[in-house]
1. Among 316, 249, 201, whose mean-square fluctuation peaks in a Gaussian network model of the chain (Cα, cutoff 10 Å)?
2. Helix 100-113 versus the longest principal axis of the chain: what is the Cα-based angle in degrees, 0 to 90, to the nearest 10?
3. What part of the accessible area of region 186-250, given as a whole %, is carbon or sulfur when the probe is 1.4 angstrom?
4. Normalised by the residues of region 165-237, what does the relative contact order come to in percent, with Cα pairs under 8 Å and at least six apart?
5. Accessible area per residue, 1.4 Å probe, Å², for the chain: what's the number?
6. Tally up the carbon and sulfur contribution to the accessible surface of region 17-80 as a whole percent, 1.4 Å probe, everything protein left in place.
7. What label, among (1) 59; (2) 33; (3) 14, belongs to percent of Cα pairs over 38 Å apart computed from the structure on display?
8. With only Lys, Arg, Asp and Glu charged, each at its Cβ (+1 for the first two, -1 for the last two), find how big the charge dipole of the chain is about the Cα centre; round to the nearest 20 debye.
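The values are calculated or read from the model by the stated rules, or taken from the named source; none is laboratory data. Since we're looking at a predicted model, the values are computed, not measured. Methodologically, a virtual Cβ is constructed for each residue, glycine included, from the backbone with ideal geometry; neighbour enumeration extends over all protein chains shown. The protein model used for the area step is the full one, side chains on, heavy atoms only, and it has no ligands, DNA or RNA in it. Shrake-Rupley method; radii C 1.70, N 1.55, O 1.52, S 1.80 Å.
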Amino acid sequence: MSQALHIKINETSRIPKYKQIVDSLVADIANGRIKVGEKIPSINELSENLLLSRDTVEKAYKLLKERKIIVSVKGKGFYTAKTDLISKVNVLFMVNKPSTYKMITYNAFVNGLGVNGHVDMFIYHCDESLFIKTMERNIGSYDYYVIMPHFRDENSCHVSYTPEVLRILTKIPDHKLIMLDNIKSGLTGNFGSVYQDFEEDIYNALTEGIEKIKKYDKIILVYPNRSANPYPRRILTGFRKFCVTNNLDFEVLDEIYEDMELQSKDIYVTIQERDLVNLVRQTRKKRLKLGKDIGIISYNDTPLKELLGISVISTDFKTMGESAAYMVLRNKKEKVKNVFNYIERNSV
């Protein structure tokens with residue numbers, strides 16, 4: 001047995017002996033007694049030294065391998081694999097795209113965990129196959145899986161889940177799963193979630209700003225119908241519901257086109273950043289004044305939009321990350337609708 005290994009078995013403890021082996025080995029690694037890449041006893045050696053059944057030791061090593069704390073090398077034996085994740089809560093954080101507001105959520109989550117957590121972030125770019133490959137490689141390796149589920153179908157339209165995504169998610173125990181940002185029917189279980197209600201959120205937020213919106217003749221939603229990073233169609237449904245309820249003249253465009261036929265007294269709701277930039281650029285070029293001639297409400301707040309005085313309808317991405325971190329640290333399994341706000345600035 002390795003001179004550094006200090007596995008202790010308490011015969012009177014109610015803790016299963018395989019778990020005591022795991023805990024002792026983890027403690028040795030965390031305390032620096034065993035280094036990365038150091039060989040540890042074989043299953044037979046440890047079984048003989050501890051006077052335990054081979055099955056007990058094998059079960060302990062299987063768990064250590066699943067957590068990727070040890071690795072087996074064919075013909076050579078078992079070796080320690082890493083030390084940086086031992087004493088912390090280990091989280092796989094799956095993000096669909098590297099946008100500013102997704103990173104706000106991620107940073108708030110990491111800061112919320114503080115020194116208690118280690119977080120590995122993977123970006124899957126709304127791609128089903130990339131998501132599944134990443135998950136299959138990492139099932140069983142983490143204490144928690146925090147997932148933002150947004151995918152695109154064969155027509156580049158948004159879907160919350162696909163059959164293959166649902167299949168892989170059911171492999172994650174409920175107590176290890178937290179769904180962020182988007183949740184829809186099709187996935188059941190007692191997992192945690194912090195979500196947006198895309199249809200009701202846009203409806204309620206625009207309703208807050210109805211008095212300012214009504215001073216314009218027409219409201220136009222710029223909704224990208226097909227995109228590499230598509231948006232939920234529930235946004236579109238909620239917008240139409242708001243317009244019909246308030247008897248507003250409205251239109252839906254795929255994008256802000258070059259040389260738009262900008263009309264005074266139109267108000268735009270933009271989703272993608274490039275459409276916002278293009279609209280502001282053309283407004284300035286035609287010497288139209290924001291908040292007077294042309295109105296703009298942008299979807300999802302960022303520090304830059306605040307600086308430029310752009311009105312927004314937005315969930316609180318920082319709160320979303322903090323809420324998820326709280327669930328991890330307190331082992332909570334709640335389903336929480338995240339805060340969504342209408343923030344009025346100079347552009348309406």
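1. 249
2. Orientation of helix 100-113: about 40 degrees from the principal axis.
3. C and S atoms contribute 43 percent here.
4. RCO, region 165-237: 24 percent.
5. Roughly 49 Å² per residue, with all protein chains present.
6. That share works out to 50 percent.
7. Looking at percent of Cα pairs over 38 Å apart for this model, the match is (2).
8. 800 debye
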